[in-house]
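Asks: Can you keep this structure in mind? I'll have questions shortly.
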Amino acid sequence: MNTAFALFRIKNQIGSLLTPDRTAVQMGRLFLTPRRYTPKAWEYDAEATAERFWLTPELSALRWHPTVFQRETKIALLVHGWESRATQMSGFVPDLQALGYQIIALDMPAHGHSKGTTSNVYEFAQTLLQAQSLLGPIALVIGHSMGAAASGVAVSLGLQTEKLVLISGPSSIETVLNRFARFIGLQARARQRFLEVIGDTVGVPPRALDVAERLRTNQTDLLIIHDDQDQEVPLSESERLMSALPEAKLIVTQGLGHRKILRSDLVRKAILNHLV
């Protein structure tokens with residue numbers, strides 16, 4: 001832990017005791033404001049192979065066309081995670097093109113080229129429903145991290161898809177929030193108020209955004225992939241999801257962590273096997 005972050009935690013610990021409401025509101029705003037990072041060189045290369053377009057006046061996206069002919073267009077929707085962007089999901093594109101999919105990768109609200117300064121998992125999910133209404137039937141959804149959670153929530157809200165792939169995703173948003181609150185040093189009263197602030201801002205209480213519970217009765221063909229060394233979203237989140245969805249398939253990778261998993265040949269082949 002570096003000195004700056006240690007001081008930040010101490011400040012939150014003191015604020016939790018002296019001004020818990022104010023501290024909770026400040027940290028809620030911080031949590032819901034994603035940072036935008038500069039894309040890596042390989043992402044620019046990936047974007048050069050795609051068509052950039054505006055799905056709505058606020059929502060930017062990338063489109064790749066299939067490389068084989070299909071009588072009916074199948075759409076695959078790629079959903080990135082928090083503080084990520086559409087190009088981060090491009091590793092799956094060549095295989096999906098060869099299977100005849102038209103691939104749409106969204107820059108979610110307040111991410112990538114899309115507009116906005118704040119967002120949340122529920123807004124991600126609503127964005128996916130909006131994409132379905134504009135694009136038509138979705139044959140496949142692949143979501144990573146918070147994008148995986150949002151994809152699960154969206155399916156529970158009416159997103160129709162034949163196959164769903166959730167990679168490194170949390171099963172409980174409430175757990176995510178509590179983990180973050182403890183990490184930044186919020187004490188009990190401020191931590192509870194933090195959860196309330198998030199719920200009030202999002203419009204849905206965190207407990208209601210439980211992916212495992214929301215998908216428990218869903219029949220979508222589901223593949224879950226998670227790494228045993230994921231330091232951002234622990235494997236236990238996908239194991240919990242599996243306990244609620246015994247018909248799903250779980251693949252556990254080793255040593256890829258939270259982000260390299262998106263560029264793994266093993267993961268790519270696992271998804272291909274799931275689709276064919």
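Asks: Condition test on Glu123, is it within 18 Å of Val153 (Cβ to Cβ) and either under 16 Å from the mean Cα position of the chain (by Cα) or in a loop (DSSP other than H, G, I, E, B) (or both)?
Replies: yes
Asks: Does any residue in the range 85-105 that is closer than 16 Å to Ile167 by Cα come within less than 8 Å, Cβ to Cβ, of a residue that is polar (S, T, N, Q) and part of a strand (DSSP E or B) six or more places away or on a different chain, and which pairs are these?
Replies: These pairs meet every condition: Ala86/Ser60.
Asks: Of the residues Gly147, Gly199, which single one is assigned to a helix (DSSP H, G or I) and without any contact (Cβ under 8 Å) to a residue 12 or more places away in the chain? Give the derivation first.
Replies: Numbers: Gly147 fails: without any contact (Cβ under 8 Å) to a residue 12 or more places away in the chain.
It is Gly199.
Asks: Follow-up. Looking at (1) more than 20 Å from the chain's Cα centre (by Cα); (2) not assigned by TED's automatic domain parsing to the domain that holds His226, which one does Lys40 not meet, given that it meets all the others?
Replies: Against the list (1) more than 20 Å from the chain's Cα centre (by Cα); (2) not assigned by TED's automatic domain parsing to the domain that holds His226, Lys40 comes up short only on (1).
Asks: Separate question: Could you tell me how many of the residues in the range 215-229 are surrounded by fewer than 21 Cβ atoms within 10 Å (Cβ to Cβ) and under 16 Å from the mean Cα position of the chain (by Cα)?
Replies: 1
Asks: Within the range 160-196, work out how many residues are part of a loop (DSSP other than H, G, I, E, B) and either surrounded by 24 or more Cβ atoms within 10 Å (Cβ to Cβ) or in contact with a Cys (Cβ under 7 Å, 6 or more places away or on another chain) (or both).
Replies: 5
Asks: Let me ask something else. Can you tell me which residue within the range 138-151, out of those that are farther than 14 Å from Ile103 by Cβ and either at pLDDT below 95 or touching a strand residue (DSSP E or B) at 6+ places or on another chain (Cβ under 6 Å) (or both), is surrounded by the fewest Cβ atoms within 10 Å (Cβ to Cβ)? Give the steps one after another, and end with the answer.
Replies: Here is the first cut: in the range 138-151, the ones farther than 14 Å from Ile103 by Cβ are 144-151.
Retained after the next criterion (residues that are either at pLDDT below 95 or touching a strand residue (DSSP E or B) at 6+ places or on another chain (Cβ under 6 Å) (or both)): 144, 147-148, 151.
Values: His144: 28, Gly147: 31, Ala148: 32, Ser151: 31.
Selected residue: His144.
Asks: Still on this structure, please answer the following. I'm told Ser133 meets every condition in (1) in contact (Cβ under 8 Å) with a residue 24 or more places away in the chain; (2) over 23 Å from Glu232 (Cβ atoms) except one. Can you identify the failing condition by its number?
Replies: Condition (1) is where Ser133 drops out.
The values are calculated or read from the model by the stated rules, or taken from the named source; none is laboratory data. This is a predicted model, so every value here is computed, not measured. Every residue, glycine as well, gets a Cβ built from its backbone with ideal geometry; the counts of neighbours run over all protein chains shown.
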